[in-house]
Amino acid sequence: MIALVDCNNFYVSCERVFQPQYNNQPVVVLSNNDGCVISRSEEAKALGIAMGAPEFKIKHELQANHVKIFSSNYALYGDLSSRVMDLLKQFAPATEVYSIDEAFLNYQGVQNICFETEGLQIKRTILKGLGIPTCIGFAPTKTLAKMANRIAKKFRERTQGVYIIDTDEKRIKALKWTKIEDVWGIGRRYAKKLQQQQIYTALDFVQPKNKPFIKQLMGVIGLRLFAELCGESVLPLEDASDIKKSIAVTRSFESKLSSFNDLAERVSTFATICSQKLRKQNACCYSMAVFIQENRFDTQIQNYHHSTVITLPYASNSALTLSNAALAALKNIYLPNKQYQKAGVVVMQLIPQHEKQFNLFVEEDARHQKLMQAIDRIHSKIGDRKVRLANQDLNRTWKMKQNHLSRNFTTNIHDIITVKC
């Protein structure tokens, strides 16, 4: 059996851990630059506040209903997430951290276990240890575990937040209940095409007559999904040590940028952070994508969005090499007299550092690696991003609009809670 543990309304729950006065009150957390709603309490959901709603459009509604607003505080959320994952490791032989608030637990080979008791014990442990509420789904496959978790959340009072798909009858019932657009792995475009073929639920999806169409539409991904929904486990838990396929660093700006130098500072910073992440997982990249875009919600302008992909002459994780490549790419797509709102760098074609192929004709300066190792050692002692390239702003890394930011209760000694007694 595989379990999916999902933290309920995770960002909101993290804020409530240290500010319990907002329990049972409507609370929302906004995205970067206080843009859109990305997490809602149950009370906020009951008010009809939609996920993804832009803050400026619902500002009056939030004020009228006395909804507490928080800016996203990723330092706090990331720290609490790692503590949740550490607690989960004691329950199963193998775990896969799927996202900041979700993890799969693999119970295959574990005998004589009552999964309902196990699920309730996991819930109690995380709630007691961290104050974070969770829901848990058990099933023979990862896809069915996601479905079981969804049922546990939807019928929380009846299931106590734990649901187990352990019989074929329960599996069929869950498939019948789940709309096709809610199946894990089926996006909006696939859902639309499947609905055009009269496939409206997960149960419709697994009908044998639909298998040829699914194979034609979704290829091997569709066939794997078909098998998973039929109870055949074909998606193994991923090893945390596996190298990622790509690393992306993208951000919206706190204000619109138009000059090349301002954009270059941002793009260089993003490329440098990519290089740090590459070195942390002992990997190099062979190619890089850079994009810039104007505000896509501004209907008064013809939105400019452009990206380019460049291939490096050799695999690298050097901040110097990646920054220079990113700036060269930026020159190819930059247009003056534009008001840019967002930019990003994505490094791709990642390989383990020890598998790097040497080039007979062109090679990276050998001093780069020694310099990067020295910088990483300094960062490990005094904190990240203290040493930067000369074209980076020394006073900021992200600098976003965060008018409702809470304190970093667990990661900054100056923000630690004071107890008066």
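The values are calculated or read from the model by the stated rules, or taken from the named source; none is laboratory data. Predicted model, so just to flag it, every value in this text is computed and none were measured. Positions of Cβ are backbone-derived with ideal geometry, glycine not excepted, and every protein chain shown enters the neighbour counts. Protein only, heavy atoms only, side chains kept; ligands, DNA and RNA dropped before computing areas. Shrake-Rupley method; radii C 1.70, N 1.55, O 1.52, S 1.80 Å.
What the table shows:
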| item | result |
| --- | --- |
| Cα-based Kirkwood hydrodynamic radius, the chain, one decimal, Å | 24.3 |
| 13 Å reach of a label modelled at VAL387, 7 Å along Cα-to-Cβ, counting backbone N of the range 311-332 | 319-320 |
| Probe 1.4 Å - accessible area at TYR304, Å² to nearest ten | 40 |
| Gaussian network model of the chain, Cα within-10 Å springs - most flexible of PRO93, PRO212, PRO20 | PRO212 |
| Stretchable slack from ASN359 to LYS211, in nm (0.36 nm times residue separation minus alpha-carbon distance) | 48.6 nm |
| Gyration tensor (alpha-carbon) shape descriptor, the range 1-158, a/c threshold 1.5 | prolate |
| Order of exposure, largest accessible area first, which applies to PHE104, PHE361, PHE213 with probe 1.4 Å | PHE361, PHE213, PHE104 |
| GLU42-GLN369 FRET efficiency (beta carbon distance; Förster radius 51 Å; 0.05 resolution) | 0.50 |
| Rounded accessible area per residue of the range 1-131, 1.4 Å, Å² | 46 |
| Computed E for LYS57/CYS114 - FRET, C-beta separation, R0 41 angstrom, nearest 0.05 | 0.30 |
| Pairs of Cα atoms farther than 14 Å apart, the range 7-81, % | 55 |
| Cα centroid of the range 1-77 to Cα centroid of the range 270-313, whole Å | 29 |
| Theoretical gain in end-to-end length, ILE310 to PHE155 [0.36 nm per residue, Cα-Cα removed] | 50.9 nm |
| Accessible carbon and sulfur surface of the range 1-44 relative to its total accessible area, %, 1.4 Å | 44 |
| Rounded FRET efficiency, nearest 0.05, which uses the C-beta distance separating SER246 from ALA328 and R0 of 22 Å | 0.70 |
| Surface per residue (accessible, 1.4 Å probe) for the range 159-284, Å² | 55 |
| Residue-span extension gain [ASN412 to GLN339] - 0.36 nm each, minus C-alpha spacing | 22.8 nm |
| Per-peptide average of other Cβ atoms within 10 Å, ordering 142-152, 401-411 highest first | 142-152, 401-411 |
| Of LYS146/LYS211; LYS89/LYS153; LYS146/LYS245; LYS45/LYS128; LYS342/LYS370; LYS123/LYS179, those spanning more than 31 Å from alpha-carbon to alpha-carbon | LYS342/LYS370 |
| Projected label distance in nm at LYS192 and CYS421, using a 7 Å step from Cα toward the beta-carbon | 5.9 |
| Tilt relative to the chain, helix 115-130 - C-alpha long axis, 0 to 90 degrees, to 10 | 40 |
| Solvent-accessible ranking of GLU355, GLU157, GLU43, largest area first, probe 1.4 Å | GLU157, GLU355, GLU43 |
| Whole-percent carbon and sulfur share, accessible surface of the range 257-344, 1.4 Å | 47 |
